[in-house]
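These notes are about the structure you will find just below.
The values are calculated or read from the model by the stated rules, or taken from the named source; none is laboratory data. All of these numbers come straight from a predicted model, not from anything done at the bench. Positions of Cβ are generated from backbone atoms using ideal geometry, with glycine treated the same way; all protein chains shown enter the neighbour counts. Remember, those area values only see protein heavy atoms, side chains included, never the ligands or the DNA or RNA. Shrake-Rupley method; radii C 1.70, N 1.55, O 1.52, S 1.80 Å.
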Amino acid sequence: MDLTTKHTISTAGVDTHAHYYGLDLTERLPGLRDPRWPTLHRDARDGGSIMLGDRLFRKVRSVLWDIDERIGELDAANIGVQLISPVPVMLAYWADQTVGVACARATNDSIAAAVARSGGRLAGLGTVPLPHTAAAVEELERVIIELGLSGVEIGTRVAGQDLDSPGLVPFFEAAESLGAAVFVHPTDGGGGVIHRGGQPYDFGLGMITDTAVAATSLIFGGVLERFPKLRVALAHGCGTFPWAYPRLRLGAKIWLGANEDRVQELVRSLWVDSLVFDPAHLSLLVERFGSDHVMLGTDYPFIPGQLEGAAGFLRSAQTMAAIDAPTAHAIHAANGSAFLRAPTGIATCTTVFDAGGSPDE
């Protein structure tokens, strides 16, 4: 399909940032009672709670685990394919190797089962038992080869290590070799990243600063240079990185002797989602990462309004001339499909916009 055609083109979206917690995880991890591992408790209505021991982590809706309900909401929002990943608190980097492997395998099996039940509407990202690198590589191979998932979600930091830590090199080497998509997401809700904690500081500044540090580690720490075919996406529009980039680039030139043209190439090798809450910001994302590397992301089902408002968000960006129509279409569907390296047949999952409309109607 030619995405440069007129505004009448209508394509169902590809949402690359969504989370899932299966009810089957309790059965898959019957003996785990560590309070750092999240447990899901359903209530009598259409929802439940994620608990960390006796502490409430967050209230959740049943679409977090109910595939049929989820697909119904995808249909209503004209999303053809959604990439599901673990709730970030499920990345058990605190665990020893035995527990870490058990948690990762159970999570991955649960996500793979959800993808299989979805009739092609869901794609999946698993997790690996970092910082235990050898075990992580082994599980990554299982995720890609045996389970057929698209890749894995990792944290912005791994057990205190930034992403350019030498200990993570074998993981990135394996991810590149296997063609695995890697989605980078904060794991601690932004806590401890900036000098002032609590809300709105953790959510509003901590998480996006954490993501920017992760991107800076990948670019200036040599990871992307060493693994040029690595396919990495960062959540939340890469956080504050797009705004800080000119200063980072200058600092790297002065103190590290970095070549600015090469740095720009590395930045544009990254992928980012569109979850920035202001359509005007999409202009800078496209400028930094390219019109082909910005993808639709909603953080479904945790942030209300993002899924059902996705097409309208892109239309608003067009109205204010932050992006043009071909770019809006690409963000809505084609870029996410390319990140997943989905086959051409992904078009069979698409439907025609009607009440919701295409991004530029």
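Observations on the model:
- Flag for L168 being under 23 Å from I219 (Cα atoms), part of a helix (DSSP H, G or I), touching a residue at least 24 places away in the same chain (Cβ under 8 Å) and touching a Leu at 6+ places or on another chain (Cβ under 9 Å): yes
- Complete set of residues in the range 48-98 that are hydrophobic (A, V, I, L, M, F, W, C), assigned to a loop (DSSP other than H, G, I, E, B) and crowded, with 16+ Cβ neighbours inside 10 Å: W65, A77, V87, L91, A92, A95
- Matching entry among S177, S165 (being surrounded by fewer than 21 Cβ atoms within 10 Å (Cβ to Cβ), over 20 Å from the mean Cα position of the chain (by Cα) and within 18 Å of A215 (Cβ to Cβ)): S165
- In the range 191-218, the residues that are surrounded by fewer than 22 Cβ atoms within 10 Å (Cβ to Cβ) reach residues that are of a type in the set (D, E, K, R) and part of a loop (DSSP other than H, G, I, E, B) with C-beta atoms within less than 6 angstrom, at least six apart or across chains, in these pairs: S217/D162; S217/D164.
- Some residue of the range 251-263 being surrounded by fewer than 19 Cβ atoms within 10 Å (Cβ to Cβ), under 26 Å from P88 (Cα atoms), more than 15 Å from the chain's Cα centre (by Cα) and not acidic (D, E): no
- Against the numbered list (1) buried (at least 21 other Cβ atoms within 10 Å of the Cβ); (2) part of a helix (DSSP H, G or I), A102 comes up short only at (1).
Yes/no matrix, rows are residues, columns are (1) in contact with a Gly (Cβ under 8 Å, 6 or more places away or on another chain); (2) of a type in the set (S, T, Y); (3) outside any helix (DSSP H, G or I):
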{"site": "G197", "(1), (2), (3)": "yes, no, yes"}
{"site": "D202", "(1), (2), (3)": "yes, no, no"}
{"site": "L205", "(1), (2), (3)": "yes, no, no"}
{"site": "T216", "(1), (2), (3)": "no, yes, no"}
{"site": "E225", "(1), (2), (3)": "no, no, no"}
{"site": "A244", "(1), (2), (3)": "no, no, no"}
{"site": "R247", "(1), (2), (3)": "no, no, no"}
{"site": "L250", "(1), (2), (3)": "no, no, no"}
{"site": "W255", "(1), (2), (3)": "no, no, no"}
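- Residues in the range 141-162 that are under 19 Å from R28 (Cβ atoms) and over 17 Å from the mean Cα position of the chain (by Cα): R142, E146, L147, G148.
- Filter pass, L275 being modelled with pLDDT of 95 or more, of a type in the set (A, V, I, L, M, F, W, C) and either surrounded by 15 or more Cβ atoms within 10 Å (Cβ to Cβ) or not in a helix (DSSP H, G or I) (or both): yes
- Hits in the range 111-151 (condition: farther than 18 Å from F183 by Cα and open to solvent by less than 10 Å² (accessible area, probe 1.4 Å)): A114, S118
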